[in-house]
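J.: For reference, the structure I am asking about is given below.
The values are calculated or read from the model by the stated rules, or taken from the named source; none is laboratory data. What you are looking at is a predicted structure, and each value in this text was computed from that prediction instead of being measured. Cβ placement follows ideal geometry from the backbone for every residue including glycine, while neighbour counts extend to all protein chains displayed.
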Amino acid sequence: MSDVLTGFLSSWRLFGDAYVLALTSASLLGLLGVVVVGRGQMFVGAAIGQSAALGTAIALLLTFLGWLPASIGPVSLQLLLTIATGVAASLWIGRGRSELSSSIGVGDERSAIVFVSASALAIVMLADLPQGTRQLQAVLGSSVLGASRLDVILTGTALAGVVTGAVVFGRRLGLLLTDPTMAAAIGMRLGVWSLLLAAVLGGGISLSIATTGFLFTFGVLVLAPLAARELCRRTATVFVLAPIVGFVGTLIGLIAAFGLDLPPGPMAVCALAVTYALLVAGRRVVAVALD
């Protein structure tokens, strides 16, 4: 075990940016996931992720056709289009949800439409491109080892912004997640808040898709807040615990991936899944013991 830890720390010279990106993204996704899970919108996260993959497919197609603007490189275009399509889809879904007080309705229909349409369009666009399908699969998978310093800076900036927003608007967010009726009664404009949250979720999730891949993004987005909720049900505390759980689970996954020579993104998701399962089992054992 000590040899694995020593080797992992030594590998920071080569993969430092990748490790920092994974840990920063996990913290960011843990925070965003509290909103997604708290509002019962886990499928929305998958739909946003798939629409972001469509943006990547568009960028790959434009690159292949040679239609790139002179001032934008292929990597920058892919990042911009991935975020743009994710935010657009999130806003459209969020607008649908803001039209209904229930969590089931227009928003869920739009999530399904975005998911299946984006999936089909991405495949059709890249079907005849050399290596097109393989490149799309690489995006849908999770490989953080090719991270750049720009990826780290962008993700760190996004995390700082989300943390600031959570601190400043924490009470309002908690009320919005736990009691929307009371939130409306005290004057919160639910439609506006829904669209703002949709924009933040779309931007954060899409950025993570572009830098770490779909599997890692969706896995941490869902598993970190679910695990945190097993530790405490109070929304304010979950906002604190979820990024910590995401960070620690991802760190364990990175160390395990290094020691076993396995992909770090999927291993991080596996570590969080095991953490969640253990917490659920532990809670049930405690409940039985108390009875």
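J.: Does Gly33 satisfy the criteria of being within 17 Å of Pro225 (Cβ to Cβ), modelled with pLDDT of 80 or more and assigned to a helix (DSSP H, G or I)?
T.: yes
For every residue, the table says whether it meets (1) surrounded by fewer than 23 Cβ atoms within 10 Å (Cβ to Cβ); (2) over 19 Å from the mean Cα position of the chain (by Cα).
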| site | (1), (2) |
| --- | --- |
| Val248 | yes, no |
| Leu251 | yes, no |
| Ala256 | yes, yes |
| Ala268 | no, no |
| Ala277 | yes, yes |
| Gly282 | yes, yes |
| Val285 | yes, yes |
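J.: Further, regarding this structure: Is region 156-170 home to any residue that is modelled with pLDDT under 70, surrounded by 13 or more Cβ atoms within 10 Å (Cβ to Cβ) and not charged (D, E, K, R)?
T.: no
J.: Check region 176-191 and report whether any residue there is crowded, with 20+ Cβ neighbours inside 10 Å and out of contact with any Cys (no Cβ under 9 Å at 6 or more places or on another chain).
T.: So far as region 176-191 goes, yes, one or more of its residues are crowded, with 20+ Cβ neighbours inside 10 Å and out of contact with any Cys (no Cβ under 9 Å at 6 or more places or on another chain).
J.: State all residues of region 145-170 that are in contact (Cβ under 8 Å) with a residue 12 or more places away in the chain and closer than 22 Å to Gly33 by Cα; if no residue qualifies, say none.
T.: Of everything in region 145-170, those that are in contact (Cβ under 8 Å) with a residue 12 or more places away in the chain and closer than 22 Å to Gly33 by Cα turn out to be Asp151, Val152, Leu154, Thr155, Gly156, Ala158, Leu159, Val162, Val163, Gly165, Ala166, Gly170.
J.: From Ala210, Ala227, Ala198, which residue is within 18 Å of Val152 (Cα to Cα), aliphatic (A, V, I, L, M) and touching a Ser or Thr at 6+ places or on another chain (Cβ under 7 Å)?
T.: Ala210
J.: Tell me whether region 178-200 contains one or more residues that are modelled with pLDDT of 85 or more and assigned to a helix (DSSP H, G or I).
T.: Yes, region 178-200 contains a residue that is modelled with pLDDT of 85 or more and assigned to a helix (DSSP H, G or I).
J.: If I ask for residues that are in contact (Cβ under 8 Å) with a residue 12 or more places away in the chain and either among the polar types (S, T, N, Q) or crowded, with 24+ Cβ neighbours inside 10 Å (or both), which ones from region 221-237 would you list?
T.: Those that are in contact (Cβ under 8 Å) with a residue 12 or more places away in the chain and either among the polar types (S, T, N, Q) or crowded, with 24+ Cβ neighbours inside 10 Å (or both): Leu221, Leu223, Ala224, Pro225, Ala227, Ala228, Thr235.
J.: Looking at region 37-45, can you tell me whether even one residue there is farther than 16 Å from Leu201 by Cβ, at pLDDT below 80, of a type in the set (Phe, Trp, Tyr) and surrounded by fewer than 24 Cβ atoms within 10 Å (Cβ to Cβ)?
T.: no
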